1. Any chance you could count how many residues in segment 188-215 are small (Gly, Ala, Ser), closer than 14 Å to GLN120 by Cα and either more than 43 Å from the chain's Cα centre (by Cα) or buried (at least 17 other Cβ atoms within 10 Å of the Cβ) (or both)?
2. For LYS328, state whether it is modelled with pLDDT under 95 and among the basic types (Lys, Arg).
3. If you check ALA356 against the conditions, is it within 24 Å of MET254 (Cα to Cα) and surrounded by fewer than 19 Cβ atoms within 10 Å (Cβ to Cβ)?
4. Out of ASP375, ASP362, ASP416, which single residue is surrounded by fewer than 15 Cβ atoms within 10 Å (Cβ to Cβ) and under 28 Å from VAL252 (Cβ atoms)?
5. Is one or more of the residues making up segment 354-372 of a type in the set (Asp, Glu), over 30 Å from the mean Cα position of the chain (by Cα) and assigned by TED's automatic domain parsing to the domain that holds ASN300?
6. Within segment 160-187, work out how many residues are surrounded by fewer than 18 Cβ atoms within 10 Å (Cβ to Cβ) and over 15 Å from PHE113 (Cβ atoms).
7. Filter segment 326-335 down to the residues that are of a type in the set (A, V, I, L, M) and closer than 18 Å to ARG598 by Cβ, then identify the one that is surrounded by the fewest Cβ atoms within 10 Å (Cβ to Cβ).
8. Take the conditions surrounded by 21 or more Cβ atoms within 10 Å (Cβ to Cβ) and more than 16 Å from the chain's Cα centre (by Cα) and apply them to LEU256. Does it pass?
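The values are calculated or read from the model by the stated rules, or taken from the named source; none is laboratory data. In this text the structure is predicted, and so the values were computed from the model without any measurement. Heads up, the Cβs are rebuilt from the backbone with ideal geometry, glycines too, and the neighbour counts pull from every protein chain shown.
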Amino acid sequence: MIRMTEERRERLLRAARVGSAGELVAGAVLVCGFPLLLAAALLAQLELFAAVSAATYLADHFLHRRSSYLLSRMAKARAGLGVRFLLRHLMLVLLLTRLNLSDSTALAAISCFVAFHGLQVPHSALSTLLRNRHRLPVATLNIDLTRLGVPAPPPQLLLNRGAEKMQHLDLFAVAGVLAAAAGAPAGVAYAGIGVTLGLAALYVLALAAYLRRGKLPPRREKVLEWFDGWLAEHQPDTVLYFSGSPESTYQVSMWLETMEDLARRGLRPLVLLRERHTLETLAPTTVPVACVPSAVHLMNFDLSMLRVALYPANVGKNIHLLREPTMKHVFVGHGDSDKIASVNPYSKVYDEVWTAGRAGRDRYAMANVGVRDEDIVEVGRPQLAPVASGPLPRQGSAPTAPTVLYAPTWEGWTDDPGNTSLILAGEHIVRALLQSPDPVRVMYKPHPFTGTRSPRAREAHEQVTALIHAAGGDHQVITGPEPKLYDCFNMSDALISDISSVVSDWIASGRPYAVTDSAELGAEEFRRQNTAVRAAVILDNQANGISQLLAALRDPAADPLAAARTELKTYLLGPTGSDPLARFELAVKELATKAGLRNLESVTHD
């Protein structure tokens with residue numbers, strides 16, 4: 001019964017697209033509060049009006065603090081922030097007329113609200129102007145802006161949730177007027193009105209102060225000219241180009257350390273982003289980063305010094321750089337896997353496609369999507385250098401329970417049951433681990449996209465999370481960026497995952513792993529279709545097979561798949577050497593040389 005109630009609650013939250021019951025309650029308070037305010041005003045019920053007003057103010061503030069999706073839904077329904085406050089003020093005036101408050105007090109209240117809403121106009125205009133002027137056409141990290149002369153932006157105290165702060169300044173006037181209506185001296189109302197209008201005027205003046213000379217950043221044309229000059233001076237030769245949703249930032253972040261390594265070896269990399277949200281969520285790096293949202297601005301920059309462009313994702317905005325003929329374009333992806341995305345026909349547009357090992361080359365050959373074998377280069381996986389290889393050391397003299405990492409991929413764009421184990425098998429897998437006769441520590445790290453498209457995947461994730469939290473102990477749910485995936489690898493004795501690059505990367509550790517046959521192809525066919533499964537324990541949707549995985553942890557010497565993992569590691573990731581970056585660095589330099597020679601030939605022919 002309790003579980004059914006919890007499931008209804010979760011369904012209700014999902015239907016309303018809110019993150020908590022508190023948001024749902026606050027939304028209900030606003031929806032029901034305004035009819036109650038009207039009734040209280042018409043019935044001249046001062047106490048009820050004051051109580052309901054306070055509740056709606058608190059609900060408004062709560063939803064803004066949570067940045068709730070309900071606010072945008074209210075705005076679309078013509079009940080946005082300004083409308084809600086205006087309605088409160090109109091109903092307060094109605095209440096005053098029903099209470100026969102003195103004409104002077106009522107007139108002062110009406111004049112206050114007219115002036116107050118009039119001040120919203122310059123406040124909104126100034127806020128918008130300042131945000132737009134300080135949103136440079138090129139946003140940067142690790143690039144010196146001194147010569148550009150960009151002043152500090154207005155403090156967030158002024159701009160962050162500015163409309164909400166401005167509207168809530170009416171509290172002084174509303175409280176004063178209600179106090180006067182309850183019998184307090186009229187001076188209380190006048191004082192509240194004075195405070196509200198005074199603070200609102202000061203807020204507008206504080207924003208206007210940032211329009212003075214020296215307080216505004218340079219105009220767009222000067223910024224664009226400056227960045228063109230920076231490119232000409234810095235002369236980057238390798239660019240990591242990325243466009244994607246906020247959840248996909250990990251796809252570019254995984255390449256940042258590799259770019260830093262290239263910089264230490266004499267190359268001059270640049271990270272080029274297309275969305276500001278990516279810049280805000282990007283992992284820390286020392287490499288110069290530029291975000292250019294406008295395609296027109298990007299295509300007007302002189303990028304002729306660039307020789308190699310690396311693309312971690314196949315997205316539409318790649319065309320804005322692919323059109324540049326002076327550089328060689330390479331698809332590097334964000335991990336090798338047997339997913340269909342790893343043999344995307346779009347990859348034909350690049351000069352070369354780089355894979356970790358022989359498996360990637362064979363995958364394109366079998367897919368027959370038009371990527372030529374001579375355009376494929378095996379470069380290894382330089383990102384895997386931090387992954388520890390071999391059994392993990394045991395801490396102390398007392399044996400510790402081994403850790404099993406469950407890292408399912410997301411549900412994908414279709415409802416293919418083979419996309420993720422989470423929906424059909426996730427709860428069974430976690431329950432089997434938690435109830436294992438041989439105790440294990442469970443670490444659960446879902447894909448960042450989990451639940452973004454499928455409600456069933458989101459529900460399965462919530463069920464798995466609830467199971468782990470209920471078990472207590474050292475079990476762990478990791479939904480944020482830290483610890484990173486490879487850090488989780490280095491804390492885990494075994495992996496359970498799906499067909500994804502997580503499996504291919506895990507193989508660098510040499511430790512046991514299991515993959516779920518969620519589409520129920522059968523073990524033989526599942527291995528035939530998916531290279532990375534050749535050395536895996538195969539699980540079905542009921543989690544049958546986990547005992548075999550745990551047996552390998554209990555007695556590594558009797559692990560029947562150890563030799564197969566060693567062989568598969570070379571096939572998937574390439575030969576292991578003392579320098580994991582060597583093959584990647586060589587590929588970059590050779591392609592840069594080809595680009596340079598091509599440009600010279602082009603000039604000669606001209």
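1. Selection size over segment 188-215: 1.
2. No: the conditions fail for LYS328.
3. So ALA356 fails the test.
4. Selected residue: ASP416, the only one of ASP375, ASP362, ASP416 that is surrounded by fewer than 15 Cβ atoms within 10 Å (Cβ to Cβ) and under 28 Å from VAL252 (Cβ atoms).
5. So far as segment 354-372 goes, yes, one or more of its residues are of a type in the set (Asp, Glu), over 30 Å from the mean Cα position of the chain (by Cα) and assigned by TED's automatic domain parsing to the domain that holds ASN300.
6. Result for segment 160-187: 12.
7. The extreme case among them is VAL330.
8. no
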